[in-house]
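A short write-up of the structure that comes next.
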Amino acid sequence: MKNYQRIEGLVAASFTPMDALGNVYLPAIEHYADLMARSGMSGVFVCGTTGESHSLTTQERKEILVEWVKSAQGRFKVIAHVGSNSMREAMELAAHAQQVGADAIAAMAPCFFKPATVRDLIAFFAPIAASAAELPFYYYNMPSMTGVSLSVPEFLVEGKKVIPNLVGTKFTHNNLMEMGECLALNNGAFEVLHGYDEILIAGLAFGAVGGVGSTYNYLPKVYLGIIEAMKKRDMETARQLQQQSIEVVKVIIKYGGGVRGGKAIMNLIGIECGQCRLPITPFSDEEYISLKEDLEKINFFN
């Protein structure tokens, strides 16, 4: 792997901008990337769950990644999610990510025909990771979306034997015991990127030093504050800041969760992200008014 360095800090799970007709709107990414740089992001996670990856075509995913790499200008890392139900499609996306200059790749497990064992999961991922052998590969573990609940520690240990560029996991699960196991493997041999924004404090307490999250896009000061407070062992400040994030997460859950509600928030703060693709319901004008009122009640804009 070329110039591999572990990720520390915040990686924003990026939304995919759309125009009024539901087409990918690439021009918004340059302004979006400037915001991420100003916000102190260590990276962006492109075309993952937040980016509606499974609602995009392969060509769209390639075009979005190219625009992010170009717009990042080396100011932060660009991690390409290449996961797909089709291994061949994922291999194509991985090879493309390496070709266009992404800093790393990640993939979630297939969610239609699912791997039954860790061995099956390794067999599925091995050719995908090999298609971008010069890039670090992260297993994107998100059983709530994929329905795949195989042992992540076992995958990391056994997978490393046949996937040389396997460096860790994006751990989007609330099983903190398993997360702790991953962090402790082989004296911290693997990266564990914390994936649940509303319990970042817990991941940091276990020893994680980086996280990937959708609310990092519009709450960077809160999460950077949590990281700084935890470094200083100032638990009271860390708890207060985490509670602020929880209040925002409660609001986005009211409006359909992190993708739908979060994308609407991006529009409110001036990043043109448009609507989500169907089957996610479009956001109505009335909902925008209500969302803004709910955010004002918790001093979000301040």
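Details
- Sorting 208-220, 139-151 by average packing, meaning the other beta carbons within 10 Å per residue, from highest down gives 208-220, 139-151.
- Computed magnitude of the charge dipole of the chain (debye, nearest 20; Cβ of K, R +1, Cβ of D, E -1): 580
- Dipole of the chain computed with +1 at Lys/Arg Cβ and -1 at Asp/Glu Cβ about the Cα centre; of 14, 81, 105, farthest Cα towards the positive end is 105.
- A dipole drawn for the chain from +1 and -1 charges on Cβ atoms has a positive end, and of 3, 26, 42 the residue lying farthest that way is 3.
- 14 Å beta-carbon shell around residue 212, net charge (K/R +1, D/E -1): -2
- For residue 240 and residue 296, the FRET efficiency from 1/(1 + (r/R0)^6), where r spans their Cβ atoms and R0 equals 22 Å, is about 0.65.
- From the coordinates shown, Rg/Rh (Cα atoms, Kirkwood Rh) corresponds to which of (1) 0.94; (2) 1.11; (3) 0.98: (1)
- Overall form of segment 124-258 per C-alpha gyration tensor (a/c, 1.5; a/b vs b/c): prolate
- Fully extending the segment from residue 253 to residue 112 would add 48.2 nm, taking 0.36 nm per residue of separation and subtracting the current Cα-Cα distance.
- The mean sequence distance of close C-alpha pairs (under 8 Å, at least 6 residues apart), as a share of the length of the chain, puts its relative contact order at 19 percent.
- Relative contact order (%) - criterion: Cα under 8 Å, at least six apart; region: segment 114-240: 18
- Cross-link table 221/263; 160/221; 2/161; 170/297; 77/170, entries beyond 26 Å C-alpha to C-alpha: 160/221; 170/297
- Inter-label distance, nm, simple model (7 Å from Cα along the C-beta direction), residue 57/residue 228: 4.5
- Within segment 9-234, DSSP assigns beta bridges of which about 5% are antiparallel (rounded to the nearest 5).
- Counted by Cβ distance under 15 Å from residue 11, the other residues give a net charge of 0, where Lys and Arg count +1 and Asp and Glu count -1.
- The separation of segment 106-177 from segment 4-30, counted between C-alpha centres, amounts to 23 Å.
- Using the Cβ-Cβ distance between residue 130 and residue 184 with R0 set to 25 Å, the FRET efficiency works out to roughly 0.35.
- Taking Lys and Arg as +1 and Asp and Glu as -1, the other residues whose beta-carbon sits under 12 Å from that of residue 185 total -4.
- Among 118, 284, 216 the positive-end extreme of the charge dipole of the chain (Cβ point charges): 118
- Amide H within-cut-off set for residue 77, under 5 Å, with H built and near neighbours excluded: 43, 44
- Mean ellipticity per residue at 222 nm, deg cm²/dmol - from DSSP H runs of n ≥ 4 across the chain, formula -39500 (n - 2.57): -14000 deg cm²/dmol
- Relative packing of 179-191, 74-86, 158-170, which averages over residues the other C-beta atoms within 10 Å, highest first: 74-86, 158-170, 179-191
All of the numbers you see were taken from the coordinates with simple rules; none came from a lab. None of these values were measured; they are calculated from a predicted model. Heads up, the Cβs are rebuilt from the backbone with ideal geometry, glycines too, and the neighbour counts pull from every protein chain shown.
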